[in-house]
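Here is the structure we will look at, set down as C-alpha cells.
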Amino acid sequence: MPYLRPHTLDAALARLAERPRRVLCGATDCFAAPALVPGRHEWVDISGIDALRGIVRQGGVVRIGAATTWEAITQAAWLPVALRDAAAGVGSRQIRVQGTIGGNLCHASPVADGLPPLLSLDANVELASVRGVRHLPLHDFVLGSHRTALMADELLMAVTFPLPAASERTAFVKCTNRDGMVLAVVSAAVRLRMADDDTLAIAAISIGGASEVPLRMPALEAALAGRPRRELDATVADASLAALSPIDDCRATAVHRMDLARLALARAISHCIEESAHDDSAH
Ligand SMILES: Cc1cc2nc3c(=O)[nH]c(=O)nc-3n(C[C@H](O)[C@H](O)[C@H](O)COP(=O)(O)OP(=O)(O)OC[C@H]3O[C@@H](n4cnc5c(N)ncnc54)[C@H](O)[C@@H]3O)c2cc1C
C-alpha cells in the first residue's frame with residue numbers, strides 16, 4: 001500500500017496538499033474500521049513527527065499535541081482528573097500506548113472518551129495546512145458522528161484548554177456493559193466549583209453516547225448553578241435532558257441510555273463535591 005512516514009510537520013502538510021491522502025497516527029481506529037482497509041488509500045503516518053507530541057502548560061493554558069498517547073496523558077499527574085481518568089479507561093494498555101488524543105478527536109465517535117472531558121474544559125483545536133493554522137472551539141470541530149470540520153489537506157496539531165482554577169474540580173464517569181476493555185455506552189464529564197456557602201457556583205457538563213456527538217448541556221448547567229448541594233441530586237433527577245437524542249441499538253435502549261446519562265452525571269458531580277470537601281478538610 002502507498003505509505004509515507006514524514007518526520008516534520010511541513011513535509012506532512014506538503015504531502016496532504018498534493019492530493020487527498022489518509023492520515024494515520026496510532027492506527028488503532030484506522031485499521032479497526034472495515035471501510036478503511038489499508039490497501040484502499042494512500043497513507044500519511046504522522047506518528048514520527050516529534051512536534052505533534054507533548055503536553056505543555058504556558059500562561060494558564062494547557063496544550064496537548066495531537067500525537068500524544070493516552071498513556072502519556074495518564075502519566076501527567078497535574079492534568080485535570082476528568083481527562084486523566086478518561087485516558088486511563090481507553091481500551092487496554094496496548095491501545096493506550098499506541099492510540100492518541102488526536103486520533104480520538106478526529107475519529108469523532110459518539111462514545112469517544114476524550115470528547116466529554118475536553119468539552120467540559122472549554123477546549124479548542126489547532127488545525128494546520130500549507131495555507132496556515134486555524135483555531136476552532138472543540139464543539140465546532142465535531143460536526144456529527146464520525147464527521148469533523150477537518151479539511152482534506154489539514155492535520156489536527158493540538159488541543160488546548162485553560163487549566164481549571166485551583167478551586168475547580170473535574171470528574172469523568174464511563175458507563176459500560178461489562179468490566180474491562182470496552183467502549184462507553186454513555187459517559188459524563190463535569191467541571192465544577194462549589195461556593196463558600198455550599199451552593200454550586202459554576203458547572204460545565206458534557207454527556208457522551210446519548211446523541212450523535214458528545215454534547216455540552218448549557219440548560220442543565222444553568223439549572224444547577226446557585227443550587228445548594230442538597231438539591232443537586234434532585235435537580236439532575238428532574239432535568240429534562242431534552243438536548244440528548246439517544247438511539248436504541250444492541251448495546252442499550254434509548255431509555256436505558258437516558259437513565260445512564262443521569263446516573264453518570266450524578267456520580268460525576270458527587271465525585272467533584274467529595275474532592276472539594278476532602279481538600280477543604282485537609283487545609
Ligand atoms: C480494542 C480497541 C479498544 C478501544 N477502546 C476505546 C475506548 O475505550 N475509548 C475510546 O474512546 N476509544 C477506544 N478505541 C478507539 C481508539 O483507540 C481511540 O479513539 C484512539 O485514541 C485513536 O487514536 P489513534 O492515534 O490510534 O487514531 P488513528 O487510528 O491513527 O486515526 C483515527 C482517525 O483520526 C484521523 N487522524 C488521526 N490523527 C490525526 C491528526 N493529527 N490530524 C488529522 N487526522 C487525524 C485518521 O485519519 C483517522 O480517521 C479503541 C480501539 C480499539 C481497537
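Filter segment 31-63 down to residues that are outside any loop (DSSP other than H, G, I, E, B) and without any contact (Cβ under 8 Å) to a residue 12 or more places away in the chain and give me whichever is nearest to THR74 (Cα to Cα).
Filtering first and then ranking leaves VAL56.
From the list LEU115, LEU105, pick out the single residue that is touching a Pro at 6+ places or on another chain (Cβ under 8 Å), of a type in the set (A, V, I, L, M) and within 22 Å of ALA204 (Cβ to Cβ).
LEU115
How do the helices (runs of 4 or more DSSP H) wholly within segment 93-192 filter down when requiring 2 or more residues that are away from the ligand (no atom under 11 Å from the Cβ) and surrounded by fewer than 24 Cβ atoms within 10 Å (Cβ to Cβ): which remain?
On the way: elements: 93-98, 101-107, 115-120, 138-141.
Here the list reads 138-141.
Enumerate the pairs (first residue in segment 128-157 and of a type in the set (Lys, Arg); second residue anywhere and part of a strand (DSSP E or B)) with beta-carbon separation below 8 Å, excluding pairs fewer than 6 apart on the same chain, so at least 6 apart or on different chains.
Pairs that qualify, where the first residue is of a type in the set (Lys, Arg) and the partner is part of a strand (DSSP E or B), are ARG134/GLU126; ARG134/LEU127.
Go through segment 65-92 residue by residue and tally those that are buried (at least 19 other Cβ atoms within 10 Å of the Cβ) and without any contact (Cβ under 8 Å) to a residue 60 or more places away in the chain.
Qualifying residue count for the region: 11.
Kindly indicate the residue of segment 216-248 that is among the hydroxyl-bearing types (Ser, Thr, Tyr) and assigned to a loop (DSSP other than H, G, I, E, B) and also surrounded by the most Cβ atoms within 10 Å (Cβ to Cβ) among those meeting that condition.
SER245
So in segment 249-267, with the set limited to residues that are under 18 Å from LEU183 (Cβ atoms) and among the hydrophobic types (A, V, I, L, M, F, W, C), which one is surrounded by the fewest Cβ atoms within 10 Å (Cβ to Cβ)?
Restricting to residues being under 18 Å from LEU183 (Cβ atoms) and among the hydrophobic types (A, V, I, L, M, F, W, C), the top hit is CYS250.
Please determine whether any residue of segment 38-46 is more than 29 Å from LEU163 (Cβ to Cβ) and aliphatic (A, V, I, L, M).
Yes - at least one qualifying residue is present in segment 38-46.
FYI, it's all coordinate maths here, none of it is from the lab. Predicted model, so just to flag it, every value in this text is computed and none were measured. Cβ sites come from the backbone with ideal geometry, for glycine too, and all protein chains shown count toward neighbours.
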